[in-house]
Amino acid sequence: MRTHYCGQLRAEHIGKTATLYGWVDRRRDHGGVIFVDLRDRTGVVQVASNPDIAAAYEAADALRSEYVVKIVGTVNRRPDESLNPKLPTGEIEIAAEQIEVLNAVSRQLPFQVSALEGETVREELRLKYRYLDLRRSRMQQNLRTRHEVVKAIRRFLEDQEGFMEVETPILTRSTPEGARDYLVPSRVNPGEWFALPQSPQLFKQLLMVAGCDRYYQIARCFRDEDLRADRQPEFTQLDMEMSFLNQEEILDLNERLVCHIFKTVKGIDLPRPFPRLTYAESMDRYGCDRPDTRYGMELADCSDLFVESGFKVFSGSIKAGGIVKALPIPGGNDAVSNVRIKPGGDLFKEATDAGAKGLAFIRVREGGEIDTIGALKDSMTPEVVATLLERTGAKGGDLILFGAGPAAIVNKTLDRLRQVVARQLSMVNDEQLNLLWIVDFPMFEYNADEKRLEALHHPFTAPNPEDLADIPNARAQAYDLVLNGTEVGGGSLRIYQRQIQEQVFAAIGLSETEARDKFGFLMDAFEFGTPPHGGIAYGLDRLVMLMANEDSIRDTIAFPKTQQARCLLTDAPAGVDPKQLKELEVASTYQPKKPEADAATA
């Protein structure tokens, strides 16, 4: 029977007999004594096998990496010359008395589980052999961090705040808005379909109607959307909903929750209250609604300075309804060359990839003199130059980049450049944690492709009471929590009155018939005493990614999908037996694309 885990042994265990189970991390023959590093999910411990105990020594000699073994021995203090302060177990070792091989490795390992410092393994290989990848210390630590985060959440919500966990359905109905649904055909109801939930939104609102006034769930969610480093087709949310709390009370509760998580898991005390920015302020100062505030370089609107400018790129953009904004880069003159911001340069490409047609710039010299292209310099009076430098805070040695055009493109361009330059100039402190709330979002944004309004968050978000007379232009009672430039959670107060919900559905172009067909059950519930309520959902995978200092949520999920939404381990998705499709009354219309050579001759 196991007495200890490998990573738990310390100096206080010296003299005790330990029975350990695990995997052979490394084996080293020092010509007389064989050393084995034994690993389990808690860490690594050194085992020494001496020829004096023949059976154990013979077994140790036959061990190889990743053999599964049982080892019994005495905990001894290591000799002074072999102490290892880098290991928690570095003060002790196990003098092996019994070594039993429980299972050997019969195939060549696709990669070394105990990779050397700096050694990398291709992600495709890691995902194909994920069970081996998960044995590695980095991934074990990530899984432990995820477990500790979930445990901290449960203890805070249940033990301190009186929340109740309730499971909501996985098979539900497809609804409009948001990302594409994953659809599931119903065998017993031919021609009809379930959808996997993109979130438990409607059910958690119905739980508020049901009187479950403090609900939470560690919820599995599914979205059939294009993937990025921080997105997956299936992901996990911390989902919460509360009745009878106003926005201030919800934000206060969630600040205390987040502080509890960081203190419990990382030992970090976060300052409260978290700063707040309105959506309008955030877009104005940073060009996005999830700003990284660990460094400066705030944007400055300079439209008023160039309305009548002789530089037609700027004045023409303003007269066409656009804006001109500036991005000041401290010390940019030395750090950023002209080659990089002219056509063909990396920063120019970042700008054009964001939709900009070009990238104007000014270099500020000592004494407030400026260098730039002649057409721009000649169009600026000394007064305009002075106001520009004052507004941007630029001084000698700084570089100013400009965006001109439609507000959405200018903001996207300068936000992108701001992030890229900050990284390149080492302005980002990775040890710093900047949390802030973004509030007062607009209710809707215009979908140019469909020529209609669509909900910025979702159509169940409550409008600001001050804006009820003009729902299409209303502000939402919504809030997002941003950590170091990444949105980790978002929520809102909800609509709980039928007439307001009907107005919102009408604003996004849903007819009464469509609204009734899709959401009749919700609107009916509003007529049976629905309490005021609101909630929030956190991307658990994303939060753990940030806390674990990883770059991708794939490294915080046990069995993730690739960016092509495939599982390399099980080779899913895959075809199914035609008999299954026949039972479901489903047929595929998919036609594989012809190879290019065949298509050219067809």
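Here V188 fits the description: farther than 21 Å from P459 by Cα, assigned to a loop (DSSP other than H, G, I, E, B), among the hydrophobic types (A, V, I, L, M, F, W, C) and out of contact with any helix residue (DSSP H, G or I) (no Cβ under 9 Å at 6 or more places or on another chain). Of all the residues in the range 203-227, those that are over 23 Å from R542 (Cα atoms) and either at pLDDT below 95 or in a loop (DSSP other than H, G, I, E, B) (or both) number 4. Of all residues in the range 509-531, those being over 19 Å from S174 (Cβ atoms) and not polar (S, T, N, Q) number 8. Restricting T145, T172, T168 to those that are within 19 Å of the chain's Cα centre (by Cα) and among the hydroxyl-bearing types (S, T, Y) reduces the list to T145. Selection of helices (runs of 4 or more DSSP H) fully inside the range 496-602 by the criterion of at least 1 residues being farther than 27 Å from Y479 by Cβ returns 512-525, 578-583, 596-601. Output yes when any residue across the range 158-177 is modelled with pLDDT of 95 or more, open to solvent by 70 Å² or more (accessible area, probe 1.4 Å) and assigned to a helix (DSSP H, G or I), and no when none is. The answer is yes, given that some residue of the range 158-177 is modelled with pLDDT of 95 or more, open to solvent by 70 Å² or more (accessible area, probe 1.4 Å) and assigned to a helix (DSSP H, G or I). For the range 184-239, residues that are farther than 29 Å from L493 by Cα, among the aliphatic types (A, V, I, L, M) and without any contact (Cβ under 8 Å) to a residue 40 or more places away in the chain total 2.
Quick check on my filter: what residues within the range 10-67 are acidic (D, E), farther than 21 Å from S137 by Cα and part of a strand (DSSP E or B)? Selection gives D29 alone. Determine whether the range 271-284 contains at least one residue that is of a type in the set (F, W, Y), closer than 30 Å to Y496 by Cβ and either open to solvent by less than 20 Å² (accessible area, probe 1.4 Å) or not in a helix (DSSP H, G or I) (or both). Yes, the range 271-284 has at least one match.
One line per residue, one yes/no per condition, for (1) open to solvent by 10 Å² or more (accessible area, probe 1.4 Å); (2) touching a strand residue (DSSP E or B) at 6+ places or on another chain (Cβ under 6 Å):
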| residue | (1), (2) |
| --- | --- |
| Q497 | yes, no |
| F505 | no, no |
| G509 | yes, yes |
| E512 | yes, no |
| K518 | yes, no |
| L522 | no, no |
| H533 | no, yes |
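A quick yes/no check of all residues on (1) more than 30 Å from the chain's Cα centre (by Cα); (2) assigned to a loop (DSSP other than H, G, I, E, B):
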{"site": "S315", "(1), (2)": "yes, no"}
{"site": "G321", "(1), (2)": "yes, yes"}
{"site": "G344", "(1), (2)": "yes, yes"}
{"site": "L347", "(1), (2)": "no, no"}
{"site": "E350", "(1), (2)": "no, no"}
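Regarding A558, is this residue closer than 24 Å to D224 by Cα and modelled with pLDDT of 95 or more? Give the derivation first.
On the way: closer than 24 Å to D224 by Cα: yes; modelled with pLDDT of 95 or more: yes.
So A558 passes the test.
Going through (1) closer than 24 Å to V307 by Cα; (2) assigned to a loop (DSSP other than H, G, I, E, B); (3) out of contact with any Leu (no Cβ under 8 Å at 6 or more places or on another chain) one by one, M427 falls short only on (1). Selection within the range 376-400: residues that are closer than 16 Å to L299 by Cα and of a type in the set (V, I, T). The member of this set that is most open to solvent (accessible area, probe 1.4 Å) is T387.
For the range 430-485, taking the residues that are open to solvent by 30 Å² or more (accessible area, probe 1.4 Å) and part of a strand (DSSP E or B), the one that is farthest from Q247 (Cα to Cα) is identified as R452.
The values are calculated or read from the model by the stated rules, or taken from the named source; none is laboratory data. Note that the structure is predicted; figures quoted are calculated from it, not measured. Methodologically, a virtual Cβ is constructed for each residue, glycine included, from the backbone with ideal geometry; neighbour enumeration extends over all protein chains shown. When the accessible area is computed, the model is the full protein with side chains, heavy atoms only, and any ligands, DNA or RNA have been set aside. Shrake-Rupley method; radii C 1.70, N 1.55, O 1.52, S 1.80 Å.
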